[in-house]
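Below is one structure, written out as structure tokens; the observations come after it.
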Amino acid sequence: MSPNSVTRQLQEHIDELSSSIVAQEAVLLNLRTQRSDARRKLNRFLDPMARLPLEIQSHIFLSVDLDSEPPRPDPNAPPMVFTNVCRLWRDIALATPKLWDALLMDLPRGPQYAEFCKLWLSRACSHSLSLKLSGSLKLQGDIQELVTTYRNQLENLSFTTLSPYSLERPCMAFNLDPSFPLSSLKTMSFEADEDSNFSTMSKWLDVLRAAPALASLTMRNMFFTVGYGELPPPLLTLPSLEVLHAGQPYRWAVSRRDGSTAIVLQYLTLPALKTLNVSDLVDISKQEFVSFLSRSSPTLESFHLTIPHDWSVNAMSRLLRPVPSLSSLELSSRSSLASFLPSIEVLSTSDVLPNLRQLTFNTNSFVTIAHYRKVLSMLTFRCNFCPTRLDSFVLNLPLEEPDPPAPEVRAALRRLVDDGLNIHIGPRSENLL
């Protein structure tokens, strides 16, 4: 037999063996698949959860106690951890869009991160979305594009930025114009760790104008400007806005550093407003603020304000009379309780805030015996001569050894407590009564 024949026969034998190996591997693969299927069927009999209907299993996943913030893309935390336990859990998680309708994105990150976030949100199908972007949007065009892609599904949107200028980016990201509104957006929050600045007030109003169904708006540590020589923007009405947090009143009273968000009220009309927190009135006059309340004519229920130290009795009266529906009032001041004396005098009038039930004063300075007597007189009046009896009064004092009320004043305050009025006077952790 020639060498060529031997070579050919050996090659043919090798090919036959290779074909047999491939066939056997296919048989083994099929057997392994059958074994896996059999194990899954066995597990469904042995595992109580596996015998539950898909809807109930999905509900169990949704009932996992999560943080109040949207979840991060963390493989060791829900919902991603559900996809790593077993095939059954993965199938359930991927078939439950509600698990994927919220996401917290820490920025800046690379392009692969944006692709992963896109995959995450695609699992939410047509559900309304809640997004929180934390960090800087600078050079994050892929994230801007992602937000724009899902803008029609956005229900809750939050920006927390570390960069003073990156709050400009949402305006560019949304390509704001009337033909592309954020029609589903209900809640929007802009918070900055540094003093942030929109170049013009009109640009910020464009953001609000794009969200006609907005129900809750938070703006913290932001500064707004109106360009030199620029015409004032026209008034904007947000018919559905019920909650507005323009800064953090207590923080401003302590540090006087929380932006100048109140200036935006000059350009807004909010007829549905129920909760209003305003940290500063530095850049808006008393008249402009009262005009905002008058033209909005809201059925306001809760109001928290940092009061300027120079407001008179007349100014406080003009401030509070347009909101007779108010049931909760909280006033903060960096000065002594003397700053509250005009408010105390106005609140001692029966036709001002007839529905008031909760009253809170936050002061970071001293309180004198005369101040306590004024407070006692006002509380006695509100409990005995107003259409609606006061339920709660809180006077938050500094931690540094606050002076308690005089014994006779304390005794009178305790009698009000015995009559049903909840009173707290002192640091937040201690009641001097």
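Summary of computed values
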quantity: Amide hydrogen neighbours beyond the local backbone of residue 236, cut-off 5 Å, H modeled; calculated: 268, 269
quantity: Sparse-neighbourhood loop sites, trypsin sites (Lys or Arg not before Pro) in the range 333-433 - DSSP loop, at most 14 other Cβ within 10 angstrom; calculated: 389, 428
quantity: 3J(HN,Hα) from dihedral phi, the range 368-376, Karplus parametrisation 6.51/-1.76/1.60, rounded to Hz, x for glycine, proline; calculated: 9, 4, 5, 4, 4, 5, 4, 4, 4
quantity: GluC sites (Glu not before Pro) within the range 329-433, DSSP loop, no more than 15 other Cβ atoms inside 10 Å; calculated: 400, 430
quantity: Cross-link reach list, lysines versus residue 374, counting only Cα pairs under 30 Å and skipping chain neighbours closer than eight places; calculated: 274, 286
quantity: Spatial separation of Cα centroids for the range 1-19 and the range 359-433, in angstrom; calculated: 103
quantity: Backbone HN-Hα couplings from phi across the range 291-307 [Karplus 6.51/-1.76/1.60, Hz, Gly and Pro as x]; calculated: 4, 4, 5, 5, 6, 6, 6, x, 8, 5, 10, 10, 9, 10, 9, 8, 8
quantity: Residues with amide H under 5 Å from that of residue 424, placed H, sequence gap 5 or more; calculated: 393, 394, 395
quantity: Amide H contacts under 5 Å for residue 157, placed H, 5+ residues apart; calculated: 131, 187, 188, 189
quantity: For the range 307-433, size of Cβ-based charge dipole, Lys and Arg +1, Asp and Glu -1, in debye; calculated: 300
quantity: Lysines whose Cα lies under 20 Å from that of residue 118, excluding same-chain neighbours fewer than 8 positions away; calculated: 98, 132, 138
quantity: Mean Cβ neighbour count within 10 Å, used as a protection proxy, ranking 20-32, 263-275 highest first; calculated: 263-275, 20-32
quantity: Coil-residue chymotrypsin sites (Phe, Trp or Tyr not before Pro) of the range 380-433, DSSP, other Cβ within 10 Å capped at 12; calculated: 385
quantity: Centroid-to-centroid separation of the range 81-142 and the range 267-301 [C-alpha atoms, Å]; calculated: 38
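Read-outs throughout are calculated quantities, based only on the coordinates presented, and are distinct from any laboratory measurement. What you are looking at is a predicted structure, and each value in this text was computed from that prediction instead of being measured. When we count neighbours, we look across all protein chains shown, and the Cβ atoms used for this are built from the backbone with ideal geometry, even at glycine.
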